[in-house]
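Here the structure comes first, spelled out in structure tokens, and everything after it is commentary.
FYI, it's all coordinate maths here, none of it is from the lab. Everything numeric in this text was worked out from a predicted model, so none of it was measured. Note that each Cβ is placed from the backbone with ideal geometry, even for glycine, and that neighbours are counted across all protein chains shown.
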């Protein structure tokens, strides 16, 4: 469903060329939640933005739902749902208008769209905010609208980029439950976060990513075995420290 | 591209804007309220406005003739003013008579120390009169000019300090001299021995107050002189008709609506430009930078809508608001103006009818508003997309507004009319055409020929701006621009550290601006001294040309190349060209020469380009004709030097910089435009821009600067010999002819040249296209799946 190989992204900035993503490879299957775990600035968002075709890779191969992101960006976008802390909702649109607007951009036939909206608003318990403007919503409500917007076209691949950041525990719990239920429906899901507990709870496999590289990848028990560290949090820090020391060695030599 | 998506985005954006109170206020409430409020305010101001009295000091008032009597007890008799008592009350007349009289009235009661007391003013007036007498004496004595100007300075300073706005000096014996003149006239004799004295009025026209006082007193004196003349004629028994022998009569044919048309033809184009711009700007900021700021940009980018569709939808919205704002403002302004004029008509002597322009003219207004609004909408959208935040977006408005205001001001001048050249200059073309069309309906027949070029060029510019906006939407750097901390030191460090083989786009742009600025600064210093014999002057012209080429064109490019790039070879394309490329360069120069001569002559003759200034041209021509300068010298200066210097700058640094990123077409186009612009004189600029296209193509195709240099050298050398002698070719009427002694080319030659140039250019373009395709295919390989995936893929996928 998602296949990434040797993906690299470089940015030009005042300090020269910055490599945000360095030769990253992984695969995600349908019905699986793949966790990208890494500190802020690790390259998670860059990687996911490339998968959503908003950024173009410098080199490497990325394929979503069988489509190369460099070949047919629109088709890729039609097959994914993408939600991140950067995908806000419009202040001057009601919940219903927002979901409807994106549904129409996805080209869903009108009748089907209306049914889908009814269904989504029911599942996500959004009926009381149906006609409320974005500017008048609480963070939790906005998050619900965002989720509805992400899955209105029932995409086979869904990408969540730190969907719980800045949310209170109740709302975060709701989001996680929704992600879990989407997995039940057989979706192929990438879930990026820097919160270990979420990974533990949700993800089938995880990749620890730091400074643009995947440090290690596998199921949690596999990783715990391999690094001999049963505590998830300690495991995470060990892997990050390992990558940091690798980099310092490179620069020293 | 799906128009359904464009429509969806458009409708959403419009609804979004209509839900925004600020936008609604800007486009509807503000214009509807603003103009009536302004009108009301203006009426109020006019009611409370009272003009300050201006001080006029009259010396020797008792010397004025008693008949007709200029002064009365209160000052100047009000019958000499066109506005009667009203005008008379606006001048405070201080005469020696009135001051003396007052002194006797209230002796000791007043301290003379008050600064602007009549006595003090009179004193100042007398001092001024003395200074003036001194000046006149000095100039009569033919004193040194230094001395004179010093006295003049003192006089004008004293006038400024004196506190009076005009000084009238009646000479001693003025009444007597006039009486003597009249007596002489009545008996028909002419006594030369006592020449009539003149009455002096001193003013300072640099001071507005003085100018007002002067024009008032001048009017009064003129009227008084008319009366005096009538009296004199009567005494001399001459017919009154002789007083005005020329019998001038001024006839006004303009009717009320034409006067109105004149007012509107100035107001509407200016307003429409400014309002279309402001109407576009605020929605653009909201739709571009606002989207980034509110964090909805990425939401939109991950929808399946293509970037083109996003831009078009947003552009449509901005366009609608721009047109709406402009129309609302014009309507409100028109009706307010009309209402105000009719309301005030009762109280005003000269009624100004501000009847709105006819339906015909208003229709043109709406038609021309569309391309104008489209240009502004696309420009604003591009700028707003570039901005990180709405605040940053606001910063970009000021320069845009300044430029547009400057262009509009230029169009307001009554002398400026639409010409073929102006009809393709953005904003100016629409403003001028609109001005012409509103001015008179009879003239509009002649103006209709400009409609097509104006509309086409404006739509072209809008398309360019729109294309820029779409390009920005495809640029990751622009969409995900983070607020980076800018500090000069780290920027300078990065300039030095992150050098690349060829310059960056903006460095190329900066190089061009530097060259332009150097030329501008040097404009007054680099004028060759043309005194001396022709040969001497000629040598100076040649010298200046070489210095200019070396210091202002080659130098900036070479220094920037040394400082900012790592490879001079790559930047200045110092590669060995193939023999083929060199031959192409030379061949193109030979073939392009007749075309460029005929095309630029045609452009000048048909009035599309203004003719070159004759003065400089004849000078250069004389220089070329003169046999005393060796032809080798002339070729070195006019062909070799520019071929090296200009190519180093334009096809070297600038083209290499612009072409970085692989956009060859735009790089060649922009560099040739820049090359045109530095040639200043329109005809030369046009020629240079066209030749610049060929030069750019040559440089890009051969990857070497030398074919371009060869082309440039041959081109200039051929042009020089063409101007000098026409290669000694005789006019045969079939291939060649001569106009004004200049060799001209006839159609057969031109057709041959067109074929030749087209063949070479097309072969170069097709080579480049093939090359680009290979390059693109190679680049795409980086994104292909690795072989282990490829094998897994089902057949046919």
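Of note:
- Averaged over the residues of A:67-78, the number of partner chain Cβ atoms lying within 10 Å of the residue Cβ comes to 3.
- Applying 1/(1 + (r/R0)^6) with R0 = 56 Å to the Cβ-Cβ distance of residue A:245 and residue B:89 gives a FRET efficiency near 0.05.
- Once both labels are positioned 7 Å from their Cα atoms along Cα-to-Cβ, the gap between residue B:566 and residue B:513 label points is 2.7 nm.
- The range A:132-202 shape via C-alpha gyration tensor axes, a/c threshold 1.5: oblate
- Angle in degrees between helix A:232-252 and the longest Cα principal axis of chain A, rounded to the nearest 10: 50
- Taken residue by residue and averaged, Cβ atoms of other chains lying within 10 Å of the Cβ of A:83-93 number 6.
- Sum of -39500 (n - 2.57) over DSSP H runs of 4+, divided by residues of chain A (222 nm, nearest 500): -12500 deg cm²/dmol
- Largest GNM mean-square fluctuation across A:39, A:156, A:109, computed for chain A with C-alpha springs under 10 Å, falls on A:109.
- Our summary gives the range B:577-778 a relative contact order of 32 percent, counting only alpha carbon pairs under 8 angstrom and 6 or more residues apart.
- Packing order of peptides B:764-773, B:127-136, highest average first: B:127-136, B:764-773 (average count of other Cβ atoms within 10 Å over each peptide's residues).
- Per-residue [θ]222 nm for chain B (sum of -39500 (n - 2.57) over DSSP H runs n ≥ 4, rounded to 500): -21500 deg cm²/dmol
- Each Cα pair under 8 Å and six or more residues apart adds its separation to the average, and for chain B the resulting relative contact order is 11 percent.
- Three-way shape call for the protein assembly as shown based on the alpha-carbon gyration tensor, with the a/c threshold at 1.5: prolate
- Per-peptide average of other Cβ atoms within 10 Å, ordering B:316-329, B:580-593 highest first: B:316-329, B:580-593
- Anisotropy class of chain A from Cα gyration tensor, a/c 1.5 cut: prolate
- Calculated FRET efficiency for the pair residue B:73/residue B:237, C-beta based, R₀ 45 Å, to 0.05: 0.85
- Shielding by partners - mean other protein chain Cβ count within 10 Å, residues of B:300-311: 6
- Projected label points at residue B:412 and residue B:769, each 7 Å from Cα along the beta carbon direction, are separated by 5.0 nanometres.
- Using a cutoff of 8 angstrom between alpha carbon atoms and counting only pairs six or more residues apart, the relative contact order for the range A:2-252 works out to 26 percent.
- Tilt relative to chain A, helix A:139-151 - C-alpha long axis, 0 to 90 degrees, to 10: 90
- Angle between chain B longest axis and helix B:118-140 axis [Cα atoms, degrees, rounded to 10]: 70
- A simple spin-label model places pseudo-atoms 7 Å from Cα toward Cβ; at residue A:130 and residue B:7 they are separated by 2.6 nm.
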